[in-house]
Amino acid sequence: MRIKLHHVNLCTKDVAAMYAFYRDVLDLRPEPSLSANRVTGEGYAGKVAFVSDGDVQVHLAEQDLGVTFRTGQAINPLHHGHVAFRTDDIAAVKKRLEEKGIPYSDYGAWAMGGWHQIFFHDPDGNVIEVHQVVE
């Protein structure tokens, strides 16, 4: 099971201002191809912009406090944002979390087409995403 930092998701009330800031101040490059993979009919249709330094992405997402109510999941990845890791074995990650007694929300292929996403909390309550690209 490999784990690699993939993106940081920052929640905002003003996606356009954040997008301009990360492009103009930090010279991050737009990642326009990700917008085409968005799934908006599964409980989150907010605005999102994507930028990258070439290795790690930053997802700038419109804050949404109602995601858990619409999805029936316990963890809201769009309240304060989250840190996301990509794995090559989501089943092994879930097994490890279960063995360690760490509850998680299994969103499946939810916000990004082709990504199986799970979310859980670290000891301080930060939301962590782990996802695997699925065919």
*222 nm [θ] for the chain, helices only, -39500 (n - 2.57) per DSSP H run of 4+, per residue, to 500?*
-5000 deg cm²/dmol
*Normalising by the residue count of the chain, find the relative contact order in percent from Cα pairs under 8 Å and 6+ residues apart.*
27
*On a 0 to 90 degree scale, rounded to 10, what angle separates helix 15-24 from the longest Cα axis of the chain?*
70
*Using θ = phi - 60° and Karplus 6.51 cos²θ - 1.76 cosθ + 1.60, couplings along segment 86-93 (whole Hz; Gly, Pro as x)*: 9, 10, 9, 8, 5, 5, 5, 5
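Charges only on Cβ, +1 for Lys and Arg, -1 for Asp and Glu: so what's the dipole of the chain about the Cα centre, in debye to the nearest 20? Before the final figure, lay out each step's value.
Numbers: 13 positive and 18 negative charges, 28 e Å.
Here the chain has a charge dipole of around 140 debye.
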*With label points built 7 Å along Cα→Cβ from the Cα atoms of V25 and I102, find their separation and express it in nm.*
3.1
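Please state, to two decimals, what the Cα-based radius of gyration of segment 28-135 comes to when divided by 2.2 N^0.38 Å (N = residues). Provide the component values of the computation, followed by the final result.
Working: Rg = 13.6 Å, N = 108, 2.2 N^0.38 = 13.0 Å.
Cα Rg divided by the expected 2.2 N^0.38 Å: 1.05.
With both partners inside segment 1-109, how many of the DSSP beta bridges are antiparallel, as a percent to the nearest 5? Can you show the working numbers first?
Numbers: 13 of 19 bridges.
Beta bridges within segment 1-109, antiparallel portion: roughly 70 percent.
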_Label-zone membership for segment 42-78, site D14, 7 angstrom Cα→C-beta point, backbone N under 20 Å_ = 46-51, 59-65
_17 Å Cα-Cα reach of K95 towards aspartates and glutamates, excluding residues that sit fewer than 8 places from it in its own chain_ = D106, D122, E129
*Given H placed on each backbone N at 1.01 Å, which residues far from D89 in sequence or on other chains put an amide H within less than 5 Å of it?*
R2
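In terms of solvent-accessible area of protein heavy atoms at a 1.4 angstrom probe, what is the ranking of K47, K94, highest value first?
Details: K47 135, K94 40 Å².
Largest accessible area first, the residues go K47, K94.
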*asked:* I'd like the distance between the alpha-carbon centres of segment 105-135 and segment 1-63, rounded to an integer number of Å.
replied: 15
*Distance in nm between label sites at R2 and D122, each 7 Å beyond Cα in the beta-carbon direction?*
2.2
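Keeping the other protein chains in place, figure out the carbon and sulfur percent of the accessible area of the chain, with a 1.4 Å probe. It would help to have the intermediate numbers written out before the result.
Numbers: 3840 of 7480 Å².
Using a 1.4 Å probe with all protein chains present, the chain comes out at 51 percent carbon and sulfur.
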*Please work out the average accessible area per residue across the chain, using the 1.4 Å probe convention, and give it in Å².*
55
*Solvent accessible area, Å² - I3, 1.4 Å probe, full protein context*: 90
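The values are calculated or read from the model by the stated rules, or taken from the named source; none is laboratory data. Bear in mind that the values here come from a model prediction, so they are computed numbers and not experimental data. With ideal geometry, Cβ positions are generated from the backbone for all residues, glycine too; neighbour counts draw on all protein chains shown. Calculation scope for accessible area: heavy atoms of the full protein, side chains included, ligands and nucleic acids excluded. Shrake-Rupley method; radii C 1.70, N 1.55, O 1.52, S 1.80 Å.
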